[in-house]
Structure formats: C-alpha cells, structure tokens
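Here's the structure we're looking at; comments come further down.
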Amino acid sequence: MKRLALLLAAAFLCPGCGGGSAASEKTCKETQQIMGTFVTITVVADDSRRAEVQAAVDRAFDAMREVDRLMSNYREDSEVSRINRGAFAAPVKVSGWTFAVIKRSIEVSRATDGAFDITVGPLMRLWRDAEKAGAPPSAEAINDALKKVGAADKVLLDEEQKTVGFLVEGMEIDLGGIAKGYAVDRAVEALRAAGVSAIVEAGGDLTAIGKNAGGRKWIVGVRNFFRREGHVERLALEDRSIATSGDYERYCEIGGRRYSHIIDPRTGMPVVGAASVSVIGPDCETADALATAASVLGFRRAASLPEESGIFAGCEILFASCTHGFRGYLVPDGAQE
Ligand code: AMP
Ligand code: MG
C-alpha cells in the first residue's frame, strides 16, 4: 500500500532556466537538498528581472537551510539539540524562529487533543531502538516514555526572554512534523518580498504563490495511490499550501511488521490503519502540523477540526485509508479554475 503522494504535474513546469523555449524564458526551476529531502523552487521570471529573481531564490534556499540548522534533531549544534540537552536543567534561549515554531506546535497540541505533540522525542527514540533490537518496546518502557510527553503542560515558554524549559527530566522535542512546513513558509516570505510568483516544494509539501507563467493558478497533481495506478487529481492553487502525512515509504519494520513513523502521543504506539492525509491550507506550517495530527486522529475526528478551531481556519483535509478506501476528498472552495 502506498501513500497519497504529491507530485507536481511535470507537464506544467519547465525543466530549468536558460532553455530556448518560450515557456522556459518565463519559468525557472532549481532543486537543492535540504532537511534530508529535495527542495524545488519554481519561479516565474521574465528576462528583465532574472538577476533579481535569482537573488530572491537564493535567499529562499538560505532561509530553509537556516531552519534546518536551527531545528534539526540530527545536528548536535542545532537549537533543538541544545534544548533537548539543557532545558530541564535551565531555560534555553533560542532564536525567534525556533521559539515561534515551538509556540505554534503547542497551540496545535491544544487544538488537537494532544494528537500533535512535539515532545514525542522519547517515544521516537524508543521505537527507533526497538527497530534496532528487532522487538517492540515493553509496555513498561512505553509508560515510562509517556511520562516525558506532553507539550501543552510540560514545556515552559518565556515569550519575552525567548526561552524554552522542560518540566520533566529526559524530555525531548522533535519538530519533524512541522519544521518542513515552516521552512517552506520562510522561503515563501523571501520570494513574496521580491514580488515573485512561485511554487516552493519540499519533499511533497508545497506552497503556490501568485499565478503561473500563463497568468493562471498553478496546477498541482495529487496522486492517490489508493486508487488506480497513476491516477492524479489536479488542484489549481493560488496562495495556498498543501502538506501530506502518512508516508508509507517512511516506516520502521519490527519482527516483520510495519510501524508508522507517526506516534500517537496518547498511547505511545505508532499510528495504525494505514491512512494518508493531505491538508490544503493558507500556510504550509499549519498544513504540515494538521496533516500529522489528522494521521493520528483519523478521518472522523480530524474532519471537523477546521471548523472547530480558529488556528485551522481555511484548511481542507483530503483523506485516504487502505482499510476504508477513500473516505473523503474535499476540494477547497475556489481551488478549481
Ligand atoms: P509528518 O511527515 O509531517 O507527518 O511528520 C512526521 C514526523 O513528526 C515524525 O518523523 C516525527 O519526527 C514527528 N512526529 C511523530 N509523531 C508525532 C506526533 N504525534 N506529533 C508531532 N510530531 C510527531
Ligand atoms: Mg507534518
């Protein structure tokens, strides 16, 4: 079973800068590897603005690299790693960006009954170790890790000092469910400041800014692997983001069983039921976090969140599951050309 994956419909994007066709004179594409994934920025640029647009693209990539530098769990010197090492002993001062993502994550936790929770770190570690050991963790080990989970009441934020503290020893945050979306937003900010229309795409999560080279909405293909092979739903997007969770190419295998990389913070168990969720929203950070939360909550509970909670206003959830088939497919108002 595969995921509901996002593909930019290649037919609508030209292969790169500098080509001789009329289309390539107006649309340029550049790909770099950041945050362990491929990031592609596609921009509309006529010849007279090429240098200016390229400078904005460079700033956009730089912003995403900065997010990775600050928030990666894989870098010993990132702010997140510094928090995880020191925030129980004393509050750790962080940058405005890291503080903003943590603050937003806690808001999302509160709005999702704790389904989204950046303090899943100890559980992620437990399941990673279980994969190495070839056996699932014991109930006791899971219960022990659960005592260190709870962003809403165990993370202490000081807005003025921009510090992060932990209430329980051994807590660890993991921004893997939201940082990619935030990075896309920072790239979008750099491009918007230069008045550039573009698509910023990072490993399937993306934002479409303005209109494409033809002056129309950008066309994005959403491939639903639960339907017939190769079926692509097309969405027309303008100033909207889309993020996907429930990636079945990212899982761990223990004793021949596949476990999701998304953990239910309320039980400590990986999410089961093989669901895949895409969220369309006004910004990529919110879409990214809500897609992760919806993977935990399931369709029935998640579907009402955009109406219930102000922070998800304007979000639409597209949901597929291998056990129930395609449960819902919501196309946002105005997304169709
Ligand atoms: P995504 O692909 O955006 O759904 O993010 C998945 C990643 O988020 C995982 O690899 C973990 O780093 C982290 N994560 C796992 N479970 C949760 C959860 N319940 N809430 C927040 N982040 C999570
Ligand atoms: Mg996410």
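The values are calculated or read from the model by the stated rules, or taken from the named source; none is laboratory data. Given the structure is predicted, the values throughout are model-derived calculations rather than measurements. So basically every Cβ, Gly included, is an ideal-geometry build from the backbone, and we count neighbours across all protein chains shown.
Summary table below
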read-out	value
ARG266, sole failed condition from (1) under 19 Å from ALA152 (Cα atoms); (2) buried (at least 24 other Cβ atoms within 10 Å of the Cβ); (3) away from ligand 2 (no atom under 13 Å from the Cβ)	(2)
Per-region count, region 94-136, residues surrounded by fewer than 23 Cβ atoms within 10 Å (Cβ to Cβ) and polar (S, T, N, Q)	1
Residue satisfying all of: in region 154-201; in a loop (DSSP other than H, G, I, E, B), closer than 24 Å to CYS28 by Cβ and small (Gly, Ala, Ser); farthest from ligand 2 (Cβ to nearest atom) among these	GLY195
Selection within region 307-334 - surrounded by fewer than 20 Cβ atoms within 10 Å (Cβ to Cβ) and at pLDDT 55 or above	GLU307, GLU308, SER309, GLY310, ILE311, ALA313, GLY314
Tally of residues being closer than 19 Å to ALA89 by Cα and away from ligand 1 (no atom under 16 Å from the Cβ) across region 134-158	4
Among residues of region 103-132, those that are in contact with a Cys (Cβ under 8 Å, 6 or more places away or on another chain) and part of a loop (DSSP other than H, G, I, E, B), counted	0
Criterion: within 30 Å of ALA294 (Cα to Cα) and modelled with pLDDT under 85 - qualifying residue of MET1, MET35	MET1
Evaluation of ALA55 against (1) in contact (Cβ under 8 Å) with a residue 40 or more places away in the chain; (2) touching a helix residue (DSSP H, G or I) at 6+ places or on another chain (Cβ under 9 Å); (3) surrounded by fewer than 18 Cβ atoms within 10 Å (Cβ to Cβ); (4) under 16 Å from ALA190 (Cβ atoms) (one fails), failing number	(2)
GLN32 part of a strand (DSSP E or B) and more than 16 Å from ligand 2 (Cβ to nearest atom)	yes
Selection from region 138-149 of residues that are in contact (Cβ under 8 Å) with a residue 60 or more places away in the chain and surrounded by 15 or more Cβ atoms within 10 Å (Cβ to Cβ)	ILE142, ALA145, LEU146, VAL149
Residues being crowded, with 22+ Cβ neighbours inside 10 Å and either out of contact with any Lys or Arg (no Cβ under 8 Å at 6 or more places or on another chain) or among the charged types (D, E, K, R) (or both) - total across region 150-173	5
All positions within region 71-102 that are under 16 Å from the mean Cα position of the chain (by Cα) and not in a loop (DSSP other than H, G, I, E, B)	MET71, TRP97, THR98, ALA100, VAL101, ILE102
Where a residue in region 120-136 is in contact (Cβ under 8 Å) with a residue 40 or more places away in the chain and its partner, wherever it lies, is within 15 Å of ligand 1 (Cβ to nearest atom) and hydroxyl-bearing (Ser, Thr, Tyr), with Cβ under 9 Å and at least six apart	TRP127/TYR259; ALA130/TYR259; GLU131/TYR259; PRO136/TYR259
Listing of helices (runs of 4 or more DSSP H) fully contained in region 239-312 that carry 2 or more residues being closer than 30 Å to ALA187 by Cα and more than 18 Å from the chain's Cα centre (by Cα)	305-308
Members of region 290-306 that are touching a strand residue (DSSP E or B) at 6+ places or on another chain (Cβ under 8 Å) and surrounded by 24 or more Cβ atoms within 10 Å (Cβ to Cβ)	LEU290, ALA291, THR292, ALA294, SER295, VAL296, ALA302
